[in-house]
Amino acid sequence: MQAIKANGYSVIFNVEGYKELNKQISENNYSTLFIIVDSITNEVCLPKLLPLIETNSPIEIIEFEAGEVNKNIETCIQIWNVLTELGAERKSLILNLGGGVVTDLGGFVASTFKRGIDFINIPTTLLAMVDASIGGKTGIDLGNLKNQIGVINNPKLVVVDSDFLATLPQIEMRSGLAEILKHGLIFNKLYWEQFLDLSKIDFADFDTIIFDSIKIKNEIVIQDPNEKGIRKALNFGHTLGHAIESYFMDNKTKKSLLHGEAIAIGMILESYISMTKNLISKVEYQEIKSTIKAIFEEVIFDNNDINSIVNLLIHDKKNENGKIKFVLLDGIGKFIINQEVENEIIMSSFENYKL
Ligand SMILES: NC(=O)c1ccc[n+]([C@@H]2O[C@H](COP(=O)([O-])OP(=O)(O)OC[C@H]3O[C@@H](n4cnc5c(N)ncnc54)[C@H](O)[C@@H]3O)[C@@H](O)[C@H]2O)c1
């Protein structure tokens, strides 16, 4: 698998990735390596990584409790304190070993500690491999507002090793699939079409699926790293998806949704909106809806849920001048950004999701 060149860093796969990791560690003469893990990746991923790192510098492990609920400022403060106690300085390196929660939070911790120290992402979930570890967005949640605090700052390297997926629960694999589907829907119809019949895909295909997905995301990000235009396309499904994720995270009576599960619903709703604006046909909408519903269990929304979710939208970070702006599909494999959508259409997208 060839390396993918991103903005000032590379995404490198498997053995070649570890070679580059060791090369960078030795060339930069880092004083200490800090590996940030969550409580699960500490157990299931760290034992695989440690023997592959070649360095004479000390290695320190910093663990926090797994889960989106911990992607917050309190966890950052704890890690900044540990870094300080352990003498971290500008020549230290942070390795983020985990899913999107670790790469988002670890990247933010590194980007802000002493005004920024180097970090490298080693994603261990499908979602982090194809999305969260790529593109330089780092950040944390503020209460129930997703990714409200953060900076765009690139890692020095991303090492993708799909062997980590061997221990990943099915439900997390599915969550990662949502972002993969999104990449097809916004950018590549052929890529999307391979998921119309999932029975034709097996585990061995995932290396290629991951590689192609990263290429799509990277191609978009390198053109617009600071999300002034085309990068907004990656928010397809996320305007409503984030509001749904926040609502479920904050509502103790509801079973919380994984990021990808919320985005999957968001993509159905935003495809419906695309259809009402005559941007995709009814047949295309039905294809999207039935493909996603075959993978992701349906979630029930009552009127109170829908009203609360629509209220949460006004806090979405993608809004401009108080207006809710959507990315919509302009045919499958193409997108259109900055689309305003009337509240009634949003409401009817939820109604139609049930059908
Ligand atoms: N920065 C970005 O561009 C970007 C893009 C998409 C998503 N995100 C963020 O990513 C996060 C979601 O990422 P995620 O789905 O990876 O969640 P996650 O990091 O919470 O990982 C999911 C679960 O899998 C466990 N896990 C990780 N690797 C494992 C492995 N190899 N085997 C077994 N278990 C493992 C984790 O401990 C966790 O319990 C969200 O916070 C989202 O906002 C960021």
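The values are calculated or read from the model by the stated rules, or taken from the named source; none is laboratory data. Model, not experiment: these values are computed from the prediction. Methodologically, a virtual Cβ is constructed for each residue, glycine included, from the backbone with ideal geometry; neighbour enumeration extends over all protein chains shown. Only protein heavy atoms, including side chains, enter the accessible area calculation; ligands, DNA and RNA are left aside. Shrake-Rupley method; radii C 1.70, N 1.55, O 1.52, S 1.80 Å.
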- Averaged per residue, what accessible area in Å² does region 18-156 show with a 1.4 Å probe, protein chains only? 40 Å²
- For region 1-144, what is the percent of antiparallel DSSP beta bridges, rounded to the nearest 5? 10 percent
- Message: Let me make sure I get this right: for region 207-355, a, b and c are the square roots of the gyration tensor eigenvalues over alpha carbons, sorted descending. Under 1.5 in a/c it's rounded, otherwise prolate if a/b > b/c, else oblate. Which is it?
- Response: rounded
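Treating the beta-carbon of each Lys and Arg as +1 and of each Asp and Glu as -1, no other charges, what is the dipole magnitude of region 1-137 about its Cα centre, to the nearest 20 debye?
Working: 10 positive and 16 negative charges, 99 e Å.
Computed charge dipole of region 1-137: roughly 480 debye.
One-quarter of the Cα convex hull surface for the chain, in nm²? The partial results should precede the final answer.
Numbers: hull surface 66.6 nm².
Average of the hull's projected areas for the chain equals 16.7 nm².
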- Task: Of the options L168, Q2, T124, report the single residue whose Cα projects farthest towards the positive end of the charge dipole of the chain (beta-carbon charges: Lys, Arg +1; Asp, Glu -1).
- Result: Q2
- Rounded Å value of the spacing that divides the Cα centres of region 198-266 and region 149-165: 15 Å
- Note on the structure: Residue by residue through region 66-76, the couplings from Karplus 6.51 cos²θ - 1.76 cosθ + 1.60 with θ = phi - 60°, in Hz, x for Gly and Pro, are 4, x, 4, 4, 9, 7, 9, 5, 4, 5, 4
- Item | Under-5 Å amide H pairs with N147, H placed in peptide plane, nonlocal only | D141, L142
- Query: Taking the simple approach of a point 7 Å from Cα along Cα-to-Cβ for both A166 and F203, what is their distance in nm?
  - Reply: 0.9 nm
- Enumerate the calculated ³J(HN,Hα) couplings along region 178-193 in order (Karplus 6.51 cos²θ - 1.76 cosθ + 1.60, θ = phi - 60°), each rounded to whole Hz, writing x wherever the residue is Gly or Pro. 4, 6, 5, 4, 4, 4, x, 4, 8, 9, 7, 4, 5, 4, 4, 5
- Within the chain, percent of DSSP bridges classed antiparallel, to nearest 5: 35 percent
- Message: Between S26 and K293, what is the label-point separation in nm under the 7 Å Cα-to-beta-carbon projection?
- Response: 5.7 nm
- Task: Search the structure for amide H atoms under 5 Å from the amide H of L86, placed 1.01 Å from N in the peptide plane, and list their residues when 5 or more places away or on another chain.
- Result: none
- J(HN,Hα) series, region 250-264, from Karplus relation 6.51 cos²θ - 1.76 cosθ + 1.60, nearest Hz, glycine and proline x: 8, 9, 5, 7, 9, 6, 6, 9, 5, 3, x, 5, 5, 5, 4
- Item | region 1-123, Rg to Rh (Cα coordinates; Rh as Kirkwood inverse mean 1/r) | 0.94
- Task: Enumerate the residues in region 215-243 having an amide nitrogen under 18 Å from the point lying 7 Å beyond the Cα of S348 toward its Cβ.
- Result: none
- What whole number of Å gives the distance from the Cα centroid of region 80-115 to the Cα centroid of region 277-313? 37 Å
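Could you give the size of the charge dipole of the chain about its Cα centre, using +1 on the Cβ of each K and R and -1 on the Cβ of each D and E, expressed in debye and rounded to the nearest 20? Each step should come with its number before you reach the end.
Values: 34 positive and 47 negative charges, 177 e Å.
Dipole magnitude for the chain comes out near 840 debye.
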- Taking the Cα-to-Cβ direction at I314 and at N338 and moving 7 Å from each Cα, how far apart do the two end points lie in nm? 2.4 nm
